[in-house]
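What follows is one structure encoded as structure tokens, with my remarks underneath.
The values are calculated or read from the model by the stated rules, or taken from the named source; none is laboratory data. Model, not experiment: these values are computed from the prediction. Cβ placement follows ideal geometry from the backbone for every residue including glycine, while neighbour counts extend to all protein chains displayed.
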């Protein structure tokens, strides 16, 4: 890996989110809490999701988390929560899909900054196969928790 | 520097990979030898020569090259036996790796009939500094048999806490399994003393020597162990081959591990009978060329002399500990002096995650390991989730340690962590 690649991995935005994570800490209320681990490196995240009934679709009211891990995984949790809070679940899932596509592109994708905002800073991470899981850990946890809440709602109906 | 191997630059030429240049023109600084060691040209050549000229299956082919392959495979066993001073060559069993060797012991102890077998009410004693490969097989064994798993704790200095040994080691203890040298903390454990105490209560002693055999003289006969496991790829040999040494009397009481070719005396449709050790435990076609490579590897180390390798490791480790102590915010996990310590040094840097440390070091050609090093309980003991580990070997130079120390200062600068 070259130093140039290193700087593309550790974008300023990522380091900023790492040092000053947004929406960090576990909060109430929440309908589902999950704990995800990256078994390769031991990174962990505990994540809670609070949804409300929206007019057309459920809305992500809050995502709170306690993340242990490297700068990439911590910054990803921060950026993810910032991106999905306030969106409807379908909107948030579309952002998740855009992020996933970028991460699986081996660095060749041209991510939509309108959609991903600070998330585009992770484009460089896609060039480091060993670090892609770091960037995806909290996204996977969010998706898992959200689908658990939706499943609960379905049962109650 | 006292203790370094003589003509280190000449010795390094034995290892072709060490002359590699990495991205941005940085020379490779390989400090991940506790993970896997590099291979000398003689090992590479021996394996190529075997495949080019002597390849055949062993112990069943009746042709000339079959005889050559069998002889080469068994000669490797002789070399390993000599290297670890095994009382008999038949006590050396080839496995896939150290994990398989430890699983072999744990499984066959569960299956053994008579007094050797582990049963409900028995206890197995391990330590908090074990690699997962010396934890999980015993968890599986105790779950399956109803036996109880107990643990030696660790002191704040990263040594085994033996203060409650009388409570832990009782007539219920059937097995004591522990590492000789910790892959995370570098601690060297007093195997002979613990083995003596274990034998007093009639327990078997299993030693994970994966980190010991590469870096110090290991004499299984003098060690006090009943079983000792290590892996080929950490002793300058290839991957895919490990070694289980066991005392003949105990090995003979254990049932087979895997069933298949080469381990039988005869097979009928009603039942099978088994051949003697070591082949009783070597079902199927073994890792032949890997054994040949391992034999040459241990001969290579034997020729250099394991006392000399140990002295080199201690000199380099002492130098590394000094260098790391000069870095503000850096904490070494485990013993702080090289006296009774292996060559793996794990550390934390305040404010920077180990993955980020290793990523930035890698950009300067410096290869270390980051994570839990398959020793999660030991990390938990010290209240850390993961650490960065630098591990040296017989080819490591003081200049490479300097590169590491400079690299770590660069890491701190890169992540803007002040030198407090």
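Does residue B:367 satisfy the condition of being closer than 27 Å to residue B:237 by Cα, away from chain A (no Cβ under 13 Å) and modelled with pLDDT of 90 or more? No, not satisfied. Here B:49, B:45, B:32 are screened, and the one residue that is under 28 Å from the mean Cα position of the chain (by Cα) and crowded, with 17+ Cβ neighbours inside 10 Å is B:32. Just one of the numbered conditions (1) without any contact (Cβ under 8 Å) to a residue 40 or more places away in the chain; (2) out of contact with any strand residue (DSSP E or B) (no Cβ under 6 Å at 6 or more places or on another chain); (3) assigned by TED's automatic domain parsing to the domain that holds residue B:76 is not true of residue B:353: (3). Residues in region B:370-385 that are over 29 Å from residue B:4 (Cβ atoms) and within 9 Å of chain A (Cβ to nearest Cβ): B:371, B:372, B:376, B:379, B:385. Mind checking which residues of region B:342-358 are more than 7 Å from chain A (Cβ to nearest Cβ) and part of a helix (DSSP H, G or I)? Across region B:342-358, the qualifying residues are B:354, B:357, B:358. Considering (1) crowded, with 22+ Cβ neighbours inside 10 Å; (2) without any contact (Cβ under 8 Å) to a residue 24 or more places away in the chain, the lone condition that residue B:176 does not fulfil carries the number (2). Candidates B:388, B:396: the one that is more than 14 Å from chain A (Cβ to nearest Cβ) and either surrounded by 23 or more Cβ atoms within 10 Å (Cβ to Cβ) or free of Cβ contacts under 8 Å to residues at least 12 places away in the same chain (or both) is B:396.
For region B:204-310, give me every one of the strands (runs of 3 or more DSSP E) that falls completely inside it and has 3 or more residues that are crowded, with 22+ Cβ neighbours inside 10 Å, modelled with pLDDT under 95 and in contact with a strand residue (DSSP E or B) (Cβ under 9 Å, 6 or more places away or on another chain). Spell out how you get there, then give the answer.
Working: elements: B:204-208, B:227-231, B:242-246, B:264-267, B:272-274.
By residue number, no strands (runs of 3 or more DSSP E) qualify.
Among the candidates A:151, A:109, A:121, the residue that is under 17 Å from the mean Cα position of the chain (by Cα) and either modelled with pLDDT of 85 or more or part of a loop (DSSP other than H, G, I, E, B) (or both) is uniquely A:121. From the residues in region A:1-30 that are within 8 Å of chain B (Cβ to nearest Cβ) and within 19 Å of the chain's Cα centre (by Cα), which one is surrounded by the fewest Cβ atoms within 10 Å (Cβ to Cβ)? Of everything passing the filter in region A:1-30, A:15 is surrounded by the fewest Cβ atoms within 10 Å (Cβ to Cβ).
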